[in-house]
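Each remark here refers to the structure printed beneath this line.
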Amino acid sequence: MTKNNTSLHANPFCVLGVTTRDDRRKIVEMAEERALHMDGDICQKARSDLTNPRTRLSSEMAWMPGVAPRTAENMVRTLAESPRAVRSEHGLPGLARANLLAAVCELVAEDEPAASVAGFIRDFADVVEGIDPEEVLRDVNEDRAISGFPEVRGTDAVEEELAERRRAYRSALKNLLDTMDPAKLVATMTEVVTLATDDGDEHGPALIADLVDSYEVETQGFLQKESENIAALIERVREAAPRGEKAVEPIMSKLEKVARNWDSVAQPIQISAKARGIVHRPSRDVAYDLRGLGIDLNNEHGMLDQAHRMTDLLHDLFAELPEVVERLGEDAEAIAGLRRQAEERERNSEQWARDITFRAEVGLVFKDELAISPEGLRWKGRAFPLDSITRVRWGGVRKSVNGIPTGTDYTIGFGDNRSEQVVEVRKEATYAGFLDPLWRAVCVRLMFEMIAALEQGKSFSFGDIEVEDDAVTLVRHKFLGSNERVRLGWHEVHVWSADGNFVIGQQNDKKVYGSASYIHAWNTHILEHVIRGGFKKGVRKLSDYLKD
């Protein structure tokens, strides 16, 4: 880009050498004169743009409204002779200065340091953020009062053109970044977002947020590929862990290098997300995958040094994710709690074995054995290890004829990752006798696993309820129109049972609720136990239920 060929030089006012205060006659004269030594079509279009009221406003707002003609001429000259001097010019109206800075984007030297470019972009975004439509309208109409063109009525047209200008500014900045090599681009974006948001503590200008959104789209492919590499290395560490710390060490070093490389590119997105009060989900997912590996190395293999190394890495890479940082501090306490529970379970293993043992025959004529013990569950001759059970459900349906009770049909369901079993019984003693050991032997474990998964950022669906550690998504039921999903914190809801369902509803809106069947939806009873227990303790996160 030559210094006389920027977007500002292509503006009709510059093409014809006229000012915002020249009348229609002067514009026509200059168009005819310039056509003698320039492209006639370009001059004709410039003339049309400036004399047609519908297109003139666009040209005015892409120029320097509110700036005296002599000053505007000097600024165009300075832009060509010393672009850096234009960057430090503070005595102009906001829109005029923004248009000049957009032109400067096309003239930034290739060897200018990333920190200097970042400061320029931050200043540019601040100028754009401060543009006042009322001031622009005033400046445009003051010039039109002199030039004889009709005034612009109201700010609607101005705001529409400002939206177009902001798109042009974003495009100018994106084109500037596209001239950089990848390392400098990432360094510039990181510095820009850090400066503009005070390291994620302030919201920052809208232009920076738009720029980060474009950056996120551009880097999505790289981040996806690197996250897959991280996942593969995590799996390799897990496979190597049984062979000892020497087998794990070189893979951990490679994993750390890839994770740092991934994070360096994701940093601008993370900081911007923090400033906007949202979560960059890919960063959160990578952080939780790494955190899960550290927990496994500690809990399953006793590799305290490697677990500590992982914690330090996560603190270093994901300081912009408050949720992750908070949970890292809770890990030691959670692990200690699980260990105490395991030790207590071992000390009471004999009593526990007695408590979870039950056997009954089900059926009127042909009997099938229903049994549970430390060896597992048995039904219709098939055996299922306790640790293989991943889901349970149960409930009873009362029956009557002409209003006279005729008994209750009880249903018990359980399943592993490959199959599910359903047991229908009529005897309450069999039903209750089986459920008590089932709860002790299976459901308590499922409850711990659910809580651990929630703490790692996973979510679960029960009926039309979606459960997260710190929130629940319900349905706003509408009489007319489509229902909509509503995400609420746990302090905003209450729970109850109705018609064989566990129900969660918003406290101050009866139309927002979700439900899950006790008898048909898997693990509804476990969810209810966790939520009701958490509510009694007044927790804001379900994972806090089991903590002291």
Dividing the helical contributions, -39500 (n - 2.57) per DSSP H run of n ≥ 4, by the residues of the chain yields a 222 nm value, nearest 500 deg cm²/dmol, of -18500 deg cm²/dmol
With residue 200 itself left out, Lys, Arg at +1 and Asp, Glu at -1 over residues whose Cβ is under 10 Å from its Cβ give -3
Those GluC sites (Glu not before Pro) from region 111-169 that are DSSP loop and have at most 14 other Cβ neighbours within 10 Å turn out to be 151
Candidate cut points under GluC sites (Glu not before Pro) in region 196-259, DSSP loop plus at most 13 other Cβ atoms within 10 Å of their own Cβ, are 202
Non-local residues with an amide H under 5 Å from the amide H of residue 82, with H modelled 1.01 Å from N and Pro and chain starts lacking one, are none
At R0 = 22 Å the Cβ-Cβ FRET efficiency linking residue 247 and residue 300, nearest 0.05, sits at 0.90
Helix 133-147: inclination vs the chain longest Cα principal axis, degrees, rounded to 10, gives 20 degrees
For 513, 518, the accessible-area ranking with a 1.4 Å probe, largest leading, is 513, 518
Semi-axes a, b, c in Å (a largest) for the chain, each sqrt of 5 times a Cα gyration tensor eigenvalue, come to 67, 30, 17
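As an exercise, identify the trypsin sites (Lys or Arg not before Pro) in region 1-102 lying in DSSP coil whose Cβ has no more than 14 other Cβ atoms within 10 Å.
Those satisfying the criteria are 3.
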Taking Cα atoms only, helix 114-129 is inclined relative to the longest principal axis of the chain by an angle, in degrees rounded to 10, of 80 degrees
With bins of 10 Å, the percent of all Cα-Cα pairs of region 190-278 per bin from 0 is 17, 36, 24, 17, 6, 0
Whole-Hz Karplus couplings 3J(HN,Hα) for region 241-254, θ = phi - 60° and coefficients 6.51, -1.76, 1.60, Gly and Pro as x, run 3, x, 8, x, 5, 5, 6, 7, 3, x, 6, 4, 5, 5
Unit-weight point scatterers at every alpha-carbon of region 56-118, Debye formula, q = 0.17 1/Å: log10 I(q)/I(0) is -0.59
Ignoring ligands and nucleic acids, residue 482 exposes an accessible area, probe 1.4 Å, in Å² to the nearest 10, of 90 Å²
For residue 547, counting only lysines whose alpha-carbon sits under 30 Å away and dropping same-chain residues fewer than eight positions off, the answer is 274, 458, 536, 537
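Around residue 391, what is the net charge, scoring Lys/Arg as +1 and Asp/Glu as -1 over all other residues with Cβ under 10 Å from its Cβ? Walk me through the numbers before you get to the answer.
Numbers: positive: 393; negative: 416, 420.
That works out to -1.
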The aspartates and glutamates whose Cα lies under 20 Å from the Cα of residue 254, excluding any fewer than 8 residues away in the same chain, are 226, 228, 235, 239, 245, 263, 285, 289, 296, 305, 312, 316
Charge tally for neighbours of residue 367 with beta carbon under 12 Å away, counting Lys, Arg as +1 and Asp, Glu as -1, is -1
For the chain, the percent of accessible surface on carbon and sulfur atoms (probe 1.4 angstrom, ligands and nucleic acids excluded) is 49 percent
Under a 1.4 Å probe, counting only protein heavy atoms, residue 308 has an accessible area in Å², nearest 10, of 110 Å²
Residue separation between residue 484 and residue 350 times 0.36 nm, minus their alpha-carbon distance, gives in nm 43.1 nm
When every protein chain stays in place and a 1.4 Å probe is rolled, 78, 197 sorted by accessible area with the largest first are 78, 197
Residues whose modelled amide H sits under 5 Å from the amide H of residue 392, counting only those 5 or more places away in sequence or on another chain, are 523
Taking Cα atoms only, helix 206-240 is inclined relative to the longest principal axis of the chain by an angle, in degrees rounded to 10, of 40 degrees
Counting only protein heavy atoms and leaving out ligands, DNA and RNA, the solvent-accessible surface of residue 222 at a 1.4 Å probe, in Å² to the nearest 10, equals 80 Å²
To the nearest 0.05, the calculated FRET efficiency linking residue 179 and residue 260 through their beta-carbon distance, R0 being 35 Å, is 0.85
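Please compute the per residue accessible area over region 158-269 with all protein chains in place, 1.4 Å probe, rounded to a whole number of Å².
Values: 5630 Å² over 112 residues.
Using a 1.4 Å probe on heavy atoms only, each residue of region 158-269 averages 50 Å².
The values are calculated or read from the model by the stated rules, or taken from the named source; none is laboratory data. This structure is a prediction, so every number in the text was calculated from the model and none was measured. Positions of Cβ are generated from backbone atoms using ideal geometry, with glycine treated the same way; all protein chains shown enter the neighbour counts. When the accessible area is computed, the model is the full protein with side chains, heavy atoms only, and any ligands, DNA or RNA have been set aside. Shrake-Rupley method; radii C 1.70, N 1.55, O 1.52, S 1.80 Å.
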